[in-house]
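Every number in this text was worked out from the coordinates using simple rules, so none of it is lab data. Since this is a predicted model, take the numbers as computed values, not measurements. Neighbour counts run over all protein chains shown; Cβ positions are idealised from the backbone, glycine included.
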Amino acid sequence: MENASPLSDPSAHGLSIYSSSSSIQTSLNASQASKPHDKIEAVFQSIKTLKDNRSPSFQSDSTHTLSAKHEIWELKTSVLSEVLHQESSPHVTIQQATSGTNGCYIIKYNFEGKKIEGVFKPINETEKTRKGIPANQQATREYLGYMLSQYLTASLIKKGIKIEIQNFGVPPTSIATVDKTISILEEGQIGSFQKFKKGIPLADLENDTLMNIHINELMKMLVIDIIMLNTDRHLGNAFLTDKGSIVLIDQGSTFPGLDSLKKGKTNDNLGFDWMFINFTKEKIPVAWHELILSIPPRELYTNLVESLNELQSIHPHSSDLNISGNVLFNSMTSLLFLQHWVKNAGQELPSRELLRCFISERIPYLYAVKKDASKEITTLQAQSIHNFERNKNTLANTLDNDLQEGKSGYYATDPVFLTVVKEAWKEFESTLPPKERGEISPKTFLDHWESAEQIVSTKLTRLTFKETNQLAREYFSAK
C-alpha cells in the first residue's frame, strides 16, 4: 500500500481525510536492502520521521492524527512479508485463530520497541458465509468498512459536532501481500491486514456493564452498521476497551447484495444484535441528528469508489479486490433511509423503531389466540411501524388456518427497508441502457447518481412512521 490515499485532495470532494505524504514511498526506496531486517528498520525510521514532522496541514491536530495513524499502518503493512520471512525469529509470532469460518492469523513483531501487531485474513481462505456476498471479496469489505469509519470520523472532527468519541470504531485496515511460503500461509497470499486491538467482547460483559456503555459509543455502532448494512454484527465482534470505547472488527460481511436482506434464515439477515441494548429504547441524541443529516451521500460514495480504484491500481492482478455498484446502491439507500427517518421520526420515536424497519417483523401467533383471530391480527398489522401497504386478508387467513391446525410460531414479513430498496433498484435498473443492467460497476453507479438518488428519495417520501402497538412492543422488548 505504498501510494498516498485517494482521499488526499480536499478540493475534489470537500472533505479531506488524509494528507499526501511521500513518507511511504521514501521508506520503500530506502528499504531495497537485501535483508528483511534492514527493510523493517527503514520503515520504522520513516514512521519516526512522520511522527517528528507533523506539519499543520490539517485544520486540527485531531484530523492530522487520524491521517498519521493511517499512514503509519500503511507503512507497517508494506513490510509484512519481511516480518513473515523472520517467522523463526523470537521477535515474530504467528498464531492461527481458532474461531470463525475463515482463515485468520494474528501476526506480532516486537524488536527493540518496534511493534507490528495485526490480524491477517487471506482472500483465498475466505468462504461465502452470507448470501449476496461473493466468496473471496470479504477483504475488500474489510477495507471499505475502515474507509467508511475514517470518513465519518473526519467528518465529525471537521464539522465540529459535539460528540465525544475517538473514532467510529474500525481499527486501521489495509490490503497486504505475502510473497513467501511460510509454515502457515501459502505463497502469494493477498488479504486484509487489520491492526490488533485489545478489548472485551460485548458478549462477555456483565449486563450492568453492557447497559452502562456511553450512548455515543453505541450510537457510532448503530450509524456505521446501518450505512454499510452489516449482516454479521453480533456482540462477539464488538469489543469494549479499557478506555470505554468500542472497537468494531469483522467487516467482511458488510455491503451485501439484496439476497442478504431478504427474510429467511437468521444468518442471511442483517445482524444488529446491539439493538436489544437499552440505548435503543431512547431517542437518537440531537448531536447525532446533526451528524447523520450532515453526511453528503454523493461525496461519501465517491470517496469509497476512489478507494476501490486505488486498491485495483496497487494490485492490478487481483480480481477479488472489487465490489459491485449494486451493493453501493443498497448502502446509499440505507443512508438515505436513515436520514429520512431521523428527519421525520427521530424527534418522536426511539431508535428501536428505526431498527425494526431493517428486520423481518416476527409476529407471534399467540397474540391471535382470541375469538376473532383474523380481526386481532389484522388490527395488529394495521398498528405496525409504518403505513406501508400489506395484504392483511392473506395474513389473517394464513394465521386462522395455522391456528385451526394447532400450529404455533411466527409470521414473518418483509422488512420495510427491503421493500424500499427492492422497488427502488428495479426502477433504477430500468433507467439504465440494456447492456448495463444486472450487475453494474461502481463507475456506472456514480455515473447515474442523480437518477439513483432521486428514485430512492421519491420512495422514501411516501413513508411515514409510527410507534408499534403495545402487544408487539412488549414481545419485542422481551426478546
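Here are a few things to note about the model shown:
- Multiplying the residue separation of Ile200 and Glu164 by 0.36 nm and subtracting their alpha-carbon distance yields 10.9 nm.
- Placing a pseudo-label 7 Å from each Cα along the Cα-to-Cβ vector at Val286 and Lys443 gives an inter-label distance of 4.7 nm.
- A protection proxy built from the mean count of other Cβ atoms within 10 Å ranks the segments 310-321, 274-285, most packed first, as 274-285, 310-321.
- One chain, two ends: Thr241 and Ser457. Fully extended at 0.36 nm per residue, the span grows by 73.9 nm beyond their Cα-Cα distance.
- Cα gyration tensor shape of the stretch 69-177, rounded if a/c is under 1.5, else prolate or oblate by comparing a/b with b/c: oblate
- Computed from phi, the 3J(HN,Hα) profile of the stretch 305-313 under the Karplus parametrisation 6.51, -1.76, 1.60 (θ = phi - 60°) reads 5, 5, 5, 4, 4, 5, 4, 5, 6 Hz, with x in place of Gly and Pro.
- Computed from phi, the 3J(HN,Hα) profile of the stretch 86-92 under the Karplus parametrisation 6.51, -1.76, 1.60 (θ = phi - 60°) reads 9, 4, 7, 6, x, 7, 10 Hz, with x in place of Gly and Pro.
- Among Lys443, Lys76, a tally of other beta-carbon atoms within 10 Å of each Cβ gives an order, fewest to most, of Lys443, Lys76.
- Measuring r between the beta carbons of Ile314 and Asn124 and using R0 = 22 Å, the FRET efficiency lands at 0.75.
- Extension gain (nm, one decimal) between His37 and Gln96, 0.36 nm per residue minus Cα-Cα: 18.9 nm
- Packing-based ranking of 223-229, 45-51 yields 223-229, 45-51, ordered from highest to lowest mean Cβ neighbour count within 10 Å.
- Long-range HN-HN contacts of Lys197 with modeled amide H, under 5 Å: none
- Karplus-based coupling profile of the stretch 68-80, in residue order and whole Hz: 5, 4, 5, 5, 4, 5, 4, 4, 5, 5, 5, 10, 4, with θ = phi - 60° in 6.51 cos²θ - 1.76 cosθ + 1.60 and x standing for Gly or Pro.
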